[in-house]
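Comments concern the structure below.
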Amino acid sequence: ALQGPREEIVYLPCIYRNTGTEKPDYLATVDVDPESPHYCQVIHRLPMPNLKDELHHSGWNACSSCFGDATKKRNRLILPSLISSRIYVVDVGTDLRAPRIHKVVEPVELFWKGNVANPHTSHCLGSGDILISCLGDPSGNGKGGFILLDGETFEVKGNWENGEKVPPLGYDFWYQPRHNVLMSTEWGAPKVLADGFNPADVARGHYGRRINVWDWSTHTYIQAVDLGQGSIPLEIRFLHNPDAAEGFVGCALSGAVHRFYKTEKGDWAAEKVIEVPSKKVQGWLLPDMPGLITDILISLDDRFLYFSNWLHGDIRQYDISNTRQPRLVGQVFLGGSITKGGPVTVVEDKELQCQPEPFVIKGKRVPGGPQMIQLSLDGKRLYVTSSLYSGWDKQFYPDLVKEGSVMLQIDVDTERGGLKVNKNFLVDFGKEPDGPVLAHEIRYPGGDCTSDIWM
C-alpha cells in the first residue's frame, strides 16, 4: 500500500442539514491531481434522494484482506447517514469520477432487523460482509450495537453481536483478527447530541468514557476499559501491522490520547500517552476550553500519529517509534476558537505564548478548525476538512455553517517530522452551486490509512 499510486481524486460527503439550505446531502468528487486543469475543484456531485440525512463517514464493500481474490472489487462505497439512519451504497466502479447510487437501505431495515439506529463506521470484513457500528436504538437512546450487511446484495442480515450484553453507547471501531478482538468506542446518546452539546449531559452519563472490547470469533462483549468520566473516546486505530496488539484512541473532551494494549494476562488495558491541556478562557461556553481531539490516524508504516484539535485549531504529528512515549515533531494552526481578534480571550495557556493568528489562505480567512484528516499512502500529504457534525458546527462555529467548510493540504516531512501548509491548495465548499456546504470525511478510491485493516 505504501507504494500505491498517488491519489488523483477524493470523495467527500457534503452536508446541508443545519445550514438553512433545503437541499439533499451529496457525495463530492474532488480533483487533487496537481497536473490536472481541474486541480482543487469539485468535478462531480451525487445528490442523495432524501433531505437531512447527515452523511458522515464511509467504507468499502470489499476488504484489503480479499486482495488477490478476483471475484472481489472495491467498486461500492458504503455511505451511512448519521441522523436519518439510511445507508447508501454508491457505485464507484462504473465511473470512478462520476459515482452513482446503487442501492438505498432504508432506516426501517436497521430498526426491525437489528433494533439499532444512527449508523457510523463501516468496515468490510474478510468474509465478504460489511460491518457497521451504530450510536443508538430507534428511539434515540444510546446503544453500542452493530449491523451486518451482505457484501453482494447489501441486504441487512441482522446484528453482528451475540448475547444480551451490549455497551450503553457506540461510535467507532477497529478489529484485529490475529488477536481475536474488536474494539469499539463511545460518543453519546443520539437524542442528546443531535442538536448540539450541553456540558451538563456529560455529568448525567450521556457521553462516553470506555473502550469496549469484543471477542472477534464469538461476537460477544467481554470487557470495558474505562478512560474516565468526560473523556469521550472517538476515533480508534490499531497499528497497521496485523501482528500488533496495540493502538491509540483519541478522547475529545479530555484532550488525551490513550495507548491501548494487550496485557500479559490476555485482557486489554490503556495508558494515557499524550495530553493536550485545556486553556483558561473568557468569552466562551466554559471557562476551560479543551482541544477537542476529533480525528486521529496512523501512517501506514506505523511511524507517525496525527490528530486534530478542532477547538484550539491545530493539527499535530507525533513520532510513535516508541508507542509508549510519542514525541511531538510537527504542529500547524489552521483556525480554531482562540485566534487573535476573535470573541475568546485566553487568560492562561500551558503551551502557547500568545494566541495564534487567524488562518488565511488564498485571501480567505478560514472559519472553524481542523477536523477530519486523511494521509496519502506515501505519508507525504495530509488532507484536512473543517466540519465536525452539522449540529455542533452550528453551535461552536456559526460562521462555518454560513460560509461552508474547506479542504486543505499539509505537506509532511516524513524523515524528521514536520508539517507545512500547502498555500496553493484550497477547496472552498462555501462556493458550491447550491450554497455553502459542510464537507466531512475524505476517502481515496481503493482505500487509505483509515479504511484498511490487514489480516
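Against the conditions (1) under 21 Å from ILE132 (Cα atoms); (2) at pLDDT below 95, GLY208 satisfies every one except (2).
When residues in the range 15-55 are screened for being open to solvent by 10 Å² or more (accessible area, probe 1.4 Å) and at positive phi, 4 of them pass. If you filter the range 333-349 down to residues that are among the small types (Gly, Ala, Ser) and buried (at least 21 other Cβ atoms within 10 Å of the Cβ), you find that the one that is farthest from SER308 (Cα to Cα) is SER337. For the range 224-268, a residue qualifies if it is among the small types (Gly, Ala, Ser) and assigned to a strand (DSSP E or B), and the qualifying residues are ALA224, GLY247, GLY250, ALA256.
From the list ARG365, ARG416, which one is in contact with a Pro (Cβ under 6 Å, 6 or more places away or on another chain) and charged (D, E, K, R)? Talk me through it step by step, then tell me what you get.
Working: ARG416 fails: in contact with a Pro (Cβ under 6 Å, 6 or more places away or on another chain).
The unique qualifying residue is ARG365.
Is there a residue being of a type in the set (Gly, Ala, Ser), out of contact with any Cys (no Cβ under 6 Å at 6 or more places or on another chain) and either under 28 Å from HIS179 (Cβ atoms) or crowded, with 24+ Cβ neighbours inside 10 Å (or both) anywhere in the range 321-332? Checked the range 321-332: at least one residue is of a type in the set (Gly, Ala, Ser), out of contact with any Cys (no Cβ under 6 Å at 6 or more places or on another chain) and either under 28 Å from HIS179 (Cβ atoms) or crowded, with 24+ Cβ neighbours inside 10 Å (or both). Report whether or not SER308 is at pLDDT 95 or above and open to solvent by 30 Å² or more (accessible area, probe 1.4 Å). Spelling it out, it is not the case that SER308 is at pLDDT 95 or above and open to solvent by 30 Å² or more (accessible area, probe 1.4 Å). The set of residues from the range 180-200 being open to solvent by less than 20 Å² (accessible area, probe 1.4 Å) and either within 15 Å of GLY144 (Cβ to Cβ) or assigned to a helix (DSSP H, G or I) (or both) comprises LEU182, MET183, SER184, THR185, GLU186, TRP187, GLY188, ALA189, PRO190, LEU193.
Quick check: anything in the range 142-153 open to solvent by 20 Å² or more (accessible area, probe 1.4 Å) and within 21 Å of ALA194 (Cα to Cα)?
Restricting attention to the range 142-153, the residues satisfying the condition of being open to solvent by 20 Å² or more (accessible area, probe 1.4 Å) are 142-143, 148, 150, 152-153.
Cutting the leftovers down to within 21 Å of ALA194 (Cα to Cα) gives us 142-143.
Yes, the range 142-153 contains at least one residue that is open to solvent by 20 Å² or more (accessible area, probe 1.4 Å) and within 21 Å of ALA194 (Cα to Cα).
Where strands (runs of 3 or more DSSP E) fall entirely within the range 269-334, those with at least 1 residues that are under 14 Å from ILE373 (Cα atoms) are at 293-298, 304-309, 314-319, 327-333. Testing ARG17 on (1) within 23 Å of the chain's Cα centre (by Cα); (2) in a loop (DSSP other than H, G, I, E, B); (3) within 22 Å of SER451 (Cα to Cα), one condition comes back false. Which one is that? That leaves (3) as the condition not met. TYR261 - would you say it is open to solvent by 30 Å² or more (accessible area, probe 1.4 Å), in contact with a strand residue (DSSP E or B) (Cβ under 9 Å, 6 or more places away or on another chain) and aromatic (Phe, Trp, Tyr)? Yes.
Can you spot a residue in the range 276-283 that is out of contact with any His (no Cβ under 9 Å at 6 or more places or on another chain), at pLDDT below 95 and surrounded by fewer than 16 Cβ atoms within 10 Å (Cβ to Cβ)? No, because not a single residue in the range 276-283 is out of contact with any His (no Cβ under 9 Å at 6 or more places or on another chain), at pLDDT below 95 and surrounded by fewer than 16 Cβ atoms within 10 Å (Cβ to Cβ). For the range 162-179, the candidate set comprises residues that are touching a strand residue (DSSP E or B) at 6+ places or on another chain (Cβ under 9 Å) and outside any loop (DSSP other than H, G, I, E, B); within that set, the residue that is nearest to ILE132 (Cα to Cα) is PHE173.
For the range 359-381, the set of residues classified as within 20 Å of LEU438 (Cβ to Cβ) and open to solvent by less than 40 Å² (accessible area, probe 1.4 Å) consists of PHE359, ILE361, LYS364, VAL366, PRO367, GLY368, GLY369, PRO370, GLN371, MET372, ILE373, GLN374, listed by residue number. Of the residues ASP243, ASP195, which single one is out of contact with any strand residue (DSSP E or B) (no Cβ under 7 Å at 6 or more places or on another chain), farther than 26 Å from TRP454 by Cα and touching a residue at least 12 places away in the same chain (Cβ under 8 Å)? Only one candidate passes the filter, namely ASP195.
Being modelled with pLDDT under 95 and open to solvent by less than 20 Å² (accessible area, probe 1.4 Å) is a property that CYS63 has. Within the range 349-376, being over 23 Å from the mean Cα position of the chain (by Cα), farther than 12 Å from LEU408 by Cβ and assigned to a loop (DSSP other than H, G, I, E, B) holds for ASP349, LYS350, GLU351, LEU352, GLN353, CYS354, GLN355, PRO356, GLU357, PRO358, GLY363.
The values are calculated or read from the model by the stated rules, or taken from the named source; none is laboratory data. As the structure is a computational prediction, the values presented were derived from the model and not from experiment. In this analysis, Cβ positions are derived from the backbone assuming ideal geometry, glycine residues included, and neighbour counts consider all displayed protein chains. Remember, those area values only see protein heavy atoms, side chains included, never the ligands or the DNA or RNA. Shrake-Rupley method; radii C 1.70, N 1.55, O 1.52, S 1.80 Å.
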